[in-house]
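Here's the structure we're looking at; comments come further down.
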Amino acid sequence: MIGSTPTLFMVLGPPRSGTTVLSDWAMESSGSYCVHEVLPTIEQDATAAEMLQTLRDFARTGADRLEKHGQREFMNWRNVVTEGDPGVLGWKEPLTGGPECELLDPRLTRFMGAYRPRVVLLQRHPVDLVASGARREKTTSNW
């Protein structure tokens, strides 16, 4: 798989809409990995090829998940390192909206334009999002 482009997908949606569950479920299949919320670590002027390499590096090390200690307390993330280059590679990012909406982020549009990944866009009723956040606030320390 090294040197060729893996099958790519993206999981996008607002917080508490199921994006993490979907990305974790995708990782249940051997040979697949879904990189978790790394947009802030990618340089603004990164090329699509550089972004793909960054995603591959995260898949090999698991650092995108293993270094998020606050989230690991309530996530079921144990063995998140892949052997070699995954054949199916995903990228999960939250969409928070507002003027800096990540969907309009030039890095994501550059990546999507170059590779045309499959995109899963989740949404959830705003009232349900607030209720879900309130429930999570009671059970996790970093919400």
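Summary of values
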| quantity | calculated |
| --- | --- |
| Scan of the stretch 34-61 for residues that are touching a Lys or Arg at 6+ places or on another chain (Cβ under 9 Å), under 30 Å from residue 134 (Cα atoms) and either polar (S, T, N, Q) or in a strand (DSSP E or B) (or both), ordered by number | 34, 35, 36 |
| Residue satisfying all of: in the stretch 9-29; under 10 Å from the mean Cα position of the chain (by Cα) and β-branched (Val, Ile, Thr); nearest to residue 90 (Cα to Cα) among these | 11 |
| Boolean, residue 134 is modelled with pLDDT under 90, among the hydrophobic types (A, V, I, L, M, F, W, C) and either in a helix (DSSP H, G or I) or in contact with a Lys or Arg (Cβ under 7 Å, 6 or more places away or on another chain) (or both) | yes |
| Number of the condition not met by residue 32 [criteria: (1) surrounded by 14 or more Cβ atoms within 10 Å (Cβ to Cβ); (2) under 12 Å from the mean Cα position of the chain (by Cα)] | (2) |
| Residue among 90, 97, 113 that is modelled with pLDDT of 80 or more and within 21 Å of residue 20 (Cα to Cα) | 90 |
| Hits in the stretch 12-29 (condition: open to solvent by less than 60 Å² (accessible area, probe 1.4 Å) and without any contact (Cβ under 8 Å) to a residue 40 or more places away in the chain) | none |
| Residue among 108, 103 that alone is at pLDDT below 70, surrounded by 14 or more Cβ atoms within 10 Å (Cβ to Cβ) and part of a helix (DSSP H, G or I) | 103 |
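The values are calculated or read from the model by the stated rules, or taken from the named source; none is laboratory data. Note that the structure is predicted; figures quoted are calculated from it, not measured. Neighbour counts are summed over all protein chains in view; Cβ atoms, including those assigned to glycine, are modelled from backbone coordinates with ideal geometry. We work out accessible area using only protein heavy atoms, side chains counted, and drop any ligands, DNA or RNA first. Shrake-Rupley method; radii C 1.70, N 1.55, O 1.52, S 1.80 Å.
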